[in-house]
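Here is the structure we will look at.
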Amino acid sequence: VSFFLQDQYDVIEKHTLSGLELVDKYIKFVKERTEIEQNYAKQLRNLSKKYSPKRSSKEEQECRFSNHQSFVEILNEMSDYAGQRELVAENMMMNICIELSKYLQELKLERKTHLSDAKKAQQSLESTYKQLDNSKKRFEREWKEAEKAAQYAEKTDQDINATKADVEKAKQQAHMRAHIADDCKNDYAAQLQKYNKEQNQFYFTHMPLIFNKLQDMDERRVRKLVEAYTLFADTEKHVAPIIGKCLDGITRAASNINEKNDSLVLIEQHKSGFERPGDLEFEDYSQGINRASSDSSLGTPKGPLDLLGRNKSKPFWLFKKSKPSSSPLTPFSAPMAPSPTNGPPSPKFTRDPLSYCLKEINKTVKPRISSFRTLRRTPAATEDFGHLPPEQRRKRLQQKIDDISKELQKELDQSEALGKMKDVYEKNPQMGDPASLAPQITQTTHNIERLRGDLNKYESWLAGAGGRGESFRYSTHSLNNNDGHNAYSPDGAHSDESTPDASQAIYTEFDDDFEEEDPSTPIGQCTALYSFPGSSEGTISMQEGEVLAVVEEDKGDGWTRVRRSNGDEGYIPTSYGTIALNK
């Protein structure tokens, strides 16, 4: 049984047209939705790019802090989120808009075919009906003429005045008209039978079949729309888990922020290695100026006149080092020869001692203020990093040594490869000319010599800066290579080893300490109590509960050197782990 009323052709036509218009409207709706998604994704990407850290030294340093790192992770997650919005737009366009557009064209063509068949069937029925109507009118007309002829023949027959010929003629005319009327009657009956048959086929066969096809087409259209409606939601659900991961990543980035570690990173990044200055000694000008005690004291800083006057060429630091820096390897001020305790008075006191004391006090205060202003200026960078504080200088020198060592190892590997290739060429001349490798071998040899020289130079500077662990091993190696005949100061000046110096004795004592134990052999075990990012130079990251090997114990500065099982070494805060040394 057809779903539609068979005699409601116009209703069916309008209904199917309305269904196709709904499909077209939905396609336009999804297209506009995809445009919104694409614009949204583009704006999100531009937003993430706008606030992403630029490749500048300032922002790279800030990215070492966990709160800055978390913000970068949030920006990355937002970029991934934008990618999912783009995926939603792409899937909707491909799976809904394009597919429905193709299907819509097929439906329009199918509907046009069915309606055309219905019109043809209706036109055929109307044509048969016209033939029926014509045969009926002809039959009616001829039958009337036959009746008139019969009546005339009967009247003529009863007329006494009519001749026999007239009567016969009237009868023949009536008989002919009756015969024509019978033919028209038979033709009308045949046309009626034909029309009834076609009408029966039209209403019970052709039109129900066409309407059933239109009904099936419309129901398929509705099912396709159901799929498209469902796909609209499924497309969003498909990316929901990934979007959820992006949001979880943002939450995880927020939870990874550790304000304590950020403080430690900042301290480690800018730790200078200087100690706080000692108390100034009282100088009794009424008893004569005695500078011997302050000049010979290791822990007491020089006066501002000495700092600004005698060390104008050296960088001025707010705090002085804890160890005397008179070694020929150190980049800081050269040792000052102490004046004798009871030596002759200074030539400056040949005049009035009181006026000189007042001038000296004024000079002591003013340069002190100007010296703090100089801290705002960044000192000029030097090759030996002498412009940096001691702790930062040691880290930069160690990093430079590691870089040079890696580069030197590459050159050594290349030199070995060239040597093997040369041997192959000498044994098999057909493979190549050994002389063609001479320029490369010469250049590699030159590079190795240059890198070894740079390595020795930076190791000497590191030893002079009071390097630890591997730094001393590098220093010992470089001094052995130079046969201990010379040492390099930061400005490249050659110093005489025969000159006795207190700092040399201190460094010799440190060297003896490191020679007593093999730094490569673990001396204990460390279990991490807290996680440590290890984002600053010379440090190593660790996770809570991780077990590391101790290769150097804390020397009193709060840091312990540890090593992983894969060979990575670095310093960690001593308070961040439980350390058990081997007995």
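The values are calculated or read from the model by the stated rules, or taken from the named source; none is laboratory data. Since this is a predicted model, take the numbers as computed values, not measurements. FYI the Cβ positions are ideal-geometry reconstructions off the backbone, even for glycines, and counts take in every protein chain you see. These accessible areas exclude ligands, DNA and RNA; they are computed on the full protein's heavy atoms, side chains included. Shrake-Rupley method; radii C 1.70, N 1.55, O 1.52, S 1.80 Å.
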Between Lys555 and Lys120, how many nm apart are label points set 7 Å from Cα along the C-beta direction? 10.2 nm
Under 17 Å by backbone N from the virtual spin label 7 Å along Cα-to-Cβ at Lys194, the residues of segment 135-163 are 135-140
Residue among Ala150, Asn186, Leu214 farthest towards the positive dipole end of segment 108-226, charges placed on Cβ: Leu214
Run the 1.4 Å probe and let me know the accessible area of Val226, rounded to the nearest 10 Å². 80 Å²
Past 32 Å, Cα to Cα: identify those pairs from Lys49/Lys410; Lys169/Lys194; Lys406/Lys555; Lys155/Lys197; Lys136/Lys213, in the order given. Lys49/Lys410; Lys169/Lys194; Lys155/Lys197; Lys136/Lys213
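What does the net charge come to around Ser255 if you take all other residues with beta carbon closer than 13 Å to its beta carbon, with K and R at +1 and D and E at -1? Walk me through the numbers on the way to the answer.
Values: positive: Arg252; negative: Glu73, Asp248, Glu259.
Within the 13 Å Cβ shell, the charges total -2.
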Any idea of His175's accessible area? Nearest 10 Å², probe 1.4 Å. 140 Å²
Describe numerically, in nm with one decimal, the distance between label points set 7 Å from Cα along Cα→Cβ at Gln430 and at Asn161. 14.7 nm
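Based on the Cβ-Cβ distance of Gln525 and Ile242, what FRET efficiency does E = 1/(1 + (r/R0)^6) give at R0 = 45 Å, to the nearest 0.05?
0.60
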Contour minus Cα-Cα distance for Tyr129 and Asp423 (0.36 nm per residue): 94.9 nm
